[in-house]
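Below is one structure, written out as structure tokens; the observations come after it.
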Amino acid sequence: MKSTARPKRVGPLSVQVPTALRRRLERQATRRRLKLATAARVFLDEHVTELEDAAELSAADEWQRAQAWATWEKIKAGDTRWVTDAELDAVFDKARRNSLRRTKRSR
């Protein structure tokens, strides 16, 4: 969950950056009108967020596959109960609310 409060400053992080990468970073910083260090922090945050989002998506994908497989197994075993449209709508409404709640917490 991302906080709106200012992050605690821990101090500089010193890393060696190859010349070619530094030039690319400088070009991107210039395009975005950012200082080099700020651009590095922004790009690092963007990429780490993408990695986290990908991991979350992968976990959701695995869960969905497991649910689909379990449902398939029930159907093969003869469980063919029907649900009403209202029951189905309630499940989707709950999922949407949970998704919105997660989205708000991550901002």
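Since every read-out is calculated from the coordinates, none of them should be taken as a lab result. These numbers were taken from a predicted model, which means no experiment stands behind them. Quick reminder, even Gly has a Cβ in these numbers, built from the backbone with ideal geometry, and neighbours come from all protein chains shown.
Points to keep in mind about this one:
- Flag for Gln28 being within 30 Å of Arg105 (Cβ to Cβ) and not β-branched (Val, Ile, Thr): yes
- Summed over the stretch 62-107, residues that are free of Cβ contacts under 8 Å to residues at least 60 places away in the same chain and within 30 Å of Glu46 (Cβ to Cβ) total 14.
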